[in-house]
Structures are given as C-alpha cells and as structure tokens.
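To start, the structure under review is shown below, and the notes come after it.
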Amino acid sequence: MAKNIIMFCRYYVLLIVLLPYRTLQFFYHKLSFQVSRASNIDAAEGIENHVPIEPKLSSSFITDSEIQSEFAHHAPGVARMNNGSFGCCPASVISALQQWQLKLLCQPDHFYFNELENRILESRYKIKDLINAEDVDEVSIVDNISTAAAIVLQQTAWAFAEGKFNKGDAVIMFSCTYGAVKNSIEAYFSCAGGYVIEVPFNFPLNSNEEIISEFRKALEREKGNGRRVRLAVIDHVTCMPSVVMPVKQLVKIVREEGVEQVFIDAAHGVGCVDVDMQEIGADFYASTLYKWFFCPPAAAFLYCRKSATYSDLQLHHPVVSHRYGKGLAEESFWVGTRDYTPYLVLPSAMEFVKRFEDGVEGIRKMNHDAVVEMGKMLAEAWGTNLGCPPDMCASMIMVGLPSCLGISSDDHAMKLWAHLRKKFGVEVRTHYQAPKEGEVVLTTGYVRICHQIYNKVDDYYKLRDTINQLVQDGFTCALEFNEA
C-alpha cells in the first residue's frame, strides 16, 4: 500500500501542481504575441506619426439575441433603468478587460514599462477622433468627472493665490450642477476667495429659451454689479432632473460676455449626445466612457482646448506622482500603481459600437426614441406629465409620479429609490422637485428613466405596475419612511 502511494505522488502530484501554472503561462504567451505585436508597431511609429487603426467592417449588424447574450451577466429579475448612474459593459468588452488584467498580473514590469503608455496613447487618439479635437495633446484620460473637475478648479485656486484672480471674482453655474462638482467649486474656488453665481433651474421645462434666459439674466445682473466672472460651469446633460442643455448657445453667451473659461461637465456625454469640440467651443470638456459608451468603470477623459493647454494655466492632476510637470496628459497617464486596464479597452468598446447600424449615432437615436415612448406610456398610466419636451432629452427622461405617493423632500426621494430597488427589483432614480415659493403644484416627485440597448419594454411595465401597486395599497412616503 505504501509503495502505491509513493508511486502516485511521484508521477501525479507534480503534474497536478504544475498544470494551472502551465495553463496560465500558455494564455499569457498567446496574449503577449497578439497584443505586444501591435504595441511594437505603435512604439516604432512614435507619437507624431501615429495613424489610428482602421475599423473592421462588419458584414451584418448585431441581432437582438446577440445583444441579450452580451448582457447576460446582468442580475436576472432586475429591471435596470438607471444606466445613467453607472453604465453597462458588454461581455466582449469585459473579456478584453480581463485579458489586459491577465497581462498586468502575469508580468507587471513588462506591462507598466513596455505596454501601458502606448496603449493609453492609442485610446487618447481614439478619443481625439471621437470628439473631433484638434490635437491628441488636448486629451487626457482620467478615471471620472470628479477628477476632471478637480483639475479645472484647482488651477483657479492657484490663480487666486498668484494674484491673477481677485477676491470676489466669480464662477457661474446652474443650481442643478452635480453635487460632487459643487463640492469641488467650494473646495477650490470659494475657499480661495471666489464668489459663486447660482442660476435658478426651473423644472419642469417647456423650452431651451427658459434656460438661456435665466442664464443671461444672472450673468448680466452680476456683471452690472461690477462682478468679474472668470469661469462658467455648464452641464451638457444634467443629472437630476435630467435635461439636455443648450450648450452651444450658452457657450456663445459666455464668450460674448467676456467670461474667460468654460468647463462643460459631460458625465452623460459620449454615447448619449453628439460631442464635437469644434462646434461646442468650450475650454474644458469632461465626459465618462463608462456611462454611455460601454467601457467598464472607471474610464473618462478631460479635453483641454489648445489655447488652455499651452497657456500659463496651472493644469495638473490632483494626484502628484513621478510625471509631475510633464504636461497634464503625461501626469494623468501615471498616478501611481493602480489598475489602468479600463482605459485600454476603448478600442474594444468602439468595435462593439460598430456592430450597430449607424454606430453610435444609431444607438443614440434608438435610445432616445425608446425612452420617449416609454416615458409617455408611464405618464399616461399614472396620469402625470413628462418633465420636458422630447427634444430636450437624450437617453433619459423625467416622468412625474402620482402625487398621492406624497414625495415632499429629498429624503423621501432617496428612500423611495432604495425601496423600489430592494423590495421590487426596480432600479430607477427618483427626484423631489420643490415648488417655487408661493407655487402650488400636484407633481413634486419624478423618476428618471434611462434606456440602453439591453432594456426591454417589460422593464418599464414592471416600473409602471409597481408604482400602480403602491398607489393601490395606499402607500405614502410620510407613512412608510417617517415612521421607519
């Protein structure tokens, strides 16, 4: 018996131990051959002679069953209508991500020193072409909009410190500006001595002219009081409540009024609306790539117009590392040891988008048409209204909730959001819209529904029926949440 055990260990244990290693080694060398070959070509060409990779032409467009297969990893039974918060990532892009992560983990030294810079450069060139930027040096890859906002606002704090800005100089923004960006304004601009002009955002809306008029009035009023406005912060698509802003008209007003810098917060930018830097004309434009362009979290970019990039503005990444002082794009490329692989799968995401008829434009149109249709269906079912005309929304739209739910505070809206998710498997953002002083309105609660290519009409039926059931059961926020 002992002899048999010794023989087994001699011949089989070593095989069992080495097999996982040999398997991993096989896949690593296979990936190395495929990916490093492209890397070596780019390295030989250099930055100046870089030629973007030509897209592969597909003989047929993606089918509905293939779309569902790409998102089969989504949790079953959950109606996901909140794509605007965290986005989505198809299986083919997840596969590319995992391959890059395997390369990193198999040989970190080679990945960080020989692969990463060229691959990030490739993604920057892709972004440059995608947004019609003039130069690749205008594009820096960052993790999210909060980082991009910190870069833009940090330089204003230094401008105050160096005497380029004077105490009381202003930034103008809308009241619906995203909370994290407002915090950056407070942390960098206000704390340095700046003044904040907050333009009222009256919702629901009927036209772009309402937005433009309020903005112009606020700007002219403050300038008439002798206020120097240094920076305008404008959303391309507001978060909550969600509306597509007339950015081109607003940027034009800003230029006419002599505001020096314009920062567009486009968290819902690429993949959701048309993005063209030459047409928009902003100094700074930041967009995610994970919300509406199928990259994994967290991948985003900050565009800095050449006039800003090559001026005396102090544009630096807020995380200081070895590349400090080599230009924003270089600083952003390396901010210490971390997983940069979400930045590298943009080419794979673009290949996925090309599987759709008319590419990203086709996806945007499909999402817009579908979300408007579903929004109208819900408003009719609940006897409420849309928050804005269809031409003021993109892939998200606001729909009024029945007034009997009694949403009377931001806290109610947050708790209802959690209640729908936890109890009913319905993921949708909820919003409280406070009435203006002296105004009596029936609808104070809204849902923001999103549409992305994986959504089915049954998702919206589930939301409709869930709200109708709450109404039928006599549910009110005051009764449910105030006693909790």
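The values are calculated or read from the model by the stated rules, or taken from the named source; none is laboratory data. Just so we're clear, the structure is a prediction, and the values are computed from it rather than from any experiment. In this analysis, Cβ positions are derived from the backbone assuming ideal geometry, glycine residues included, and neighbour counts consider all displayed protein chains. With ligands, DNA and RNA removed, areas are computed over all heavy atoms of the protein, side chains included. Shrake-Rupley method; radii C 1.70, N 1.55, O 1.52, S 1.80 Å.
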Residue check: is Ala418 closer than 15 Å to Asn82 by Cα and small (Gly, Ala, Ser)? yes
Of the numbered conditions (1) out of contact with any helix residue (DSSP H, G or I) (no Cβ under 9 Å at 6 or more places or on another chain); (2) among the hydrophobic types (A, V, I, L, M, F, W, C); (3) open to solvent by less than 50 Å² (accessible area, probe 1.4 Å), Val93 satisfies every one except a single condition; which is it? (1)
Would you please list the contacts, defined by Cβ atoms under 8 Å and residues six or more apart or on different chains, that run from a residue in segment 129-144 that is touching a residue at least 12 places away in the same chain (Cβ under 8 Å) and within 11 Å of Asp276 (Cβ to Cβ) to a residue that is open to solvent by less than 50 Å² (accessible area, probe 1.4 Å) and in a helix (DSSP H, G or I)? Leu130/Met350; Ile131/Met277; Asn132/Met277; Ala133/Ile127; Ala133/Met277
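Select from segment 335-354 the residues that are farther than 16 Å from Glu122 by Cβ, open to solvent by less than 60 Å² (accessible area, probe 1.4 Å) and either part of a loop (DSSP other than H, G, I, E, B) or in contact with a strand residue (DSSP E or B) (Cβ under 8 Å, 6 or more places away or on another chain) (or both) and list them in ascending order.
Residues satisfying the conditions are Val335, Gly336.
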Cβ-Cβ distance below 8 Å, separation of 6 or more or different chains: which pairs start in segment 88-102 with a residue that is touching a residue at least 24 places away in the same chain (Cβ under 8 Å) and end on one that is part of a loop (DSSP other than H, G, I, E, B) and polar (S, T, N, Q)? Cys88/Gln452
Residues being surrounded by fewer than 16 Cβ atoms within 10 Å (Cβ to Cβ) and in a helix (DSSP H, G or I) - total across segment 191-209: 1
When Ile253 is evaluated against the numbered criteria (1) hydrophobic (A, V, I, L, M, F, W, C); (2) assigned to a loop (DSSP other than H, G, I, E, B); (3) within 28 Å of Leu328 (Cβ to Cβ), which criterion, by number, is the only one it fails? (2)
Go through Arg216, Arg221, Arg228 for me and flag whichever is out of contact with any Pro (no Cβ under 6 Å at 6 or more places or on another chain) and surrounded by 16 or more Cβ atoms within 10 Å (Cβ to Cβ). Arg216
Residues of segment 285-314 being more than 12 Å from the chain's Cα centre (by Cα) and surrounded by fewer than 24 Cβ atoms within 10 Å (Cβ to Cβ), which ones? Arg305, Lys306, Ser307, Ala308, Thr309, Tyr310, Ser311, Asp312, Leu313, Gln314
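What strands (runs of 3 or more DSSP E), lying completely within segment 364-478, carry at least 3 residues that are open to solvent by less than 50 Å² (accessible area, probe 1.4 Å), closer than 26 Å to His74 by Cβ and touching a His at 6+ places or on another chain (Cβ under 8 Å)?
445-450
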